[in-house]
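Before any comments, here is the structure.
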Amino acid sequence: MVTVEVQQLITERVVLLIATGFGLGSFPWMPGTFGSLLGLPLAWWLWGQPLTRQLLVITALLAVGVPLCHWASHWLGGGDAPQIVADEYFALPLVFLGVVITHRWWLLGAGFALYRLFDITKPPPIDFVETIGGCLGIVLDDVLAALLAWLVLRGAQAIWLGP
C-alpha cells in the first residue's frame, strides 16, 4: 500500500515535471523560450482541427495550467519561477487559433517569434497583468502575449489574403 507521503511526493514530482517542461525550464539560458518549443507540436496539430476543438483544447490547457503553475510555484519557492514554463507552452497554441492558411513552417516560426517577443518584452497591458501575481498572473501574461501575437498574425493574414 502506498502511503499518503509517497502519493504526495509522486504528485509533486509529476506536477513539477510538467510545469518545468520536462526539464526544459531548468536550462540556464532562455528557459521560457526553450519551454515554449513544447507548444509547437501541439499548435501544429491544432492548426488543422475545427475551431471549436481548438478552443476546447486551449481552454482545457489553460484551465489545467493555472493550478499546475500555482502548485509548481509553491513548491519552487513562490512567484513566477523561471523554471515554470507550462504557462508558455500551454498558451502558445492560442497564437494560431483560427489561422486558415495551410500549414507553413515559416508561419509557425513567425508566430513563435512574435509570441516570444511579446512575452519577453512585456508591452502594455502584459506588464500590468504580470503584477497581478499568483498563478493567475503567471498564466495571464502568457495568454496576453499569445493574443498580441495572434492579432499580428491575423492582421498579416488579412493583408496577405485580402478581405
Using a probe radius of 1.4 Å on heavy atoms only, what accessible surface per residue do you get for the range 33-89? Whole Å² is fine. 48
Looking at the chain, I'd like the Rg to Rh ratio, where Rg is from alpha-carbon atoms and Rh is Kirkwood's inverse mean 1/r. 1.01
Tally up the carbon and sulfur contribution to the accessible surface of the chain as a whole percent, 1.4 Å probe, everything protein left in place. 74
Relative contact order, percent, of the chain when contacts are C-alpha pairs under 8 Å separated by at least 6 residues? 26
Take each complete run of DSSP H in the chain, measure how far its Cα atoms stretch along the helix's own axis, and keep only those covering 20 Å or more with mean Kyte-Doolittle hydropathy at least -1.0; list them. 4-19, 51-75, 105-121, 134-161
Put +1 on the Cβ of each Lys and Arg and -1 on the Cβ of each Asp and Glu in the range 1-129; which of Leu16, Phe96, Val6 then has its Cα farthest toward the positive end of the dipole? Phe96
What distance in nm lies between label points placed 7 Å from Cα along the C-beta direction at Lys122 and Thr52? 3.9
Suppose R0 equals 45 Å. What FRET efficiency, 1/(1 + (r/R0)^6) with r the Cβ-Cβ distance, do Val4 and Ala156 give to the nearest 0.05? 0.30
Per the C-alpha gyration tensor (a ≥ b ≥ c, the square roots of its eigenvalues), the range 1-88 is rounded if a/c is under 1.5, else prolate if a/b beats b/c, else oblate; here it's oblate
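The values are calculated or read from the model by the stated rules, or taken from the named source; none is laboratory data. All figures in this text were calculated on a predicted structure; none of them were measured in a lab. Every residue, glycine as well, gets a Cβ built from its backbone with ideal geometry; the counts of neighbours run over all protein chains shown. Protein only, heavy atoms only, side chains kept; ligands, DNA and RNA dropped before computing areas. Shrake-Rupley method; radii C 1.70, N 1.55, O 1.52, S 1.80 Å.
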